[in-house]
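None of the figures in this text is laboratory data; all of them are computed from the coordinates on show. Everything numeric in this text was worked out from a predicted model, so none of it was measured. FYI the Cβ positions are ideal-geometry reconstructions off the backbone, even for glycines, and counts take in every protein chain you see.
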Amino acid sequence: MHDEKTQRAIEAGFAKMGLEKARRHAFLCTGPECCAREEGLASWEALKAACKATGAEALRSKADCLRICAGGPWLVVYPEGTWYGEATPERVERIVREHVVGGVSVAEWAAKTRPLCG
Ligand code: FES
C-alpha cells in the first residue's frame with residue numbers, strides 16, 4: 001500500500017506516540033469558541049506536563065473543536081468517554097492523576113459519560 005520509506009515513517013509515528021502501551025486517549029479542545037485560545041493552550045500545556053510527570057500511558061490530542069463550543073476548555077477521556085468542561089490547568093492535573101492514570105473518573109467535573117464500544 002505505502003512505499004517502504006512511508007511505511008517506516010508510519011511505524012515510527014506509532015512508536016513515538018506510544019500506541020502499543022496506551023491505555024487511554026485524551027482529547028482537549030483549545031478553543032476558540034468554548035474558551036479563549038490562550039486558556040485552551042494553557043490547559044494543553046498542563047495536560048502534556050501532567051502526562052509526563054505521572055508517566056501516563058496515554059495518547060493525547062489537541063483538538064480545535066469538539067462541537068460543544070461553550071463552557072470549555074473541553075477534555076474527553078476514552079475509553080470511558082468522560083467529558084469534562086472547564087478543564088482548567090488545575091483540573092487537568094487532577095483528571096490526569098485520578099482518571100487518565102488512576103482509572104477513576106472525576107465525577108464532580110464530568111458533564112457527560114458516554115463510552116464508545118462499537
Ligand atoms: S471550540 Fe471548543 S468545543 Fe468548539
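The distance between label points at residue 22 and residue 65 comes to 2.3 nm (points 7 Å beyond Cα on the Cα→Cβ vector).
Return the calculated 222 nm mean residue ellipticity for the chain, to the nearest 500 deg cm²/dmol, obtained by summing -39500 (n - 2.57) across DSSP H runs with n ≥ 4 and dividing by the residue count.
Values: 3 runs with 39 residues, N = 118.
Rounded to the nearest 500, the figure is -10500 deg cm²/dmol.
The residue 53 and residue 1 beta-carbon pair, evaluated with R₀ = 25 Å, returns a calculated FRET efficiency of approximately 0.05.
With θ taken as phi - 60° and the Karplus curve 6.51 cos²θ - 1.76 cosθ + 1.60 applied, the whole-hertz 3J(HN,Hα) list for the stretch 73-80 is x, 9, 10, 10, 10, 10, x, 5 Hz, x standing for glycine and proline. Set the Förster distance to 41 Å, then compute FRET efficiency between residue 94 and residue 9 from the Cβ-Cβ distance, nearest 0.05. The value I calculate is 0.70.
The share of Cα pairs per 5 Å bin across the chain, counted from zero up to the longest distance, runs 2, 12, 22, 22, 17, 12, 7, 4, 2, 0 percent.
Amide H to amide H distances under 5 Å link residue 60 with 26, where only residues 5 or more positions off or on other chains count and H is placed in the peptide plane. Couplings 3J(HN,Hα) for the stretch 27-44, derived from phi with the Karplus relation 6.51 cos²θ - 1.76 cosθ + 1.60 (θ = phi - 60°), are 10, 10, 7, 9, x, x, 8, 7, 6, 5, 3, 4, 4, x, 5, 5, 5, 4 Hz, where x marks Gly and Pro. Based on Cα contacts under 8 Å between residues 6+ apart, the stretch 22-113 shows a relative contact order of 34 percent. Applying the Karplus relation 6.51 cos²θ - 1.76 cosθ + 1.60 with θ = phi - 60° to the stretch 9-20 yields 3J(HN,Hα) values of 5, 5, 4, 5, x, 4, 5, 5, 6, x, 4, 4 Hz, where x marks Gly and Pro.
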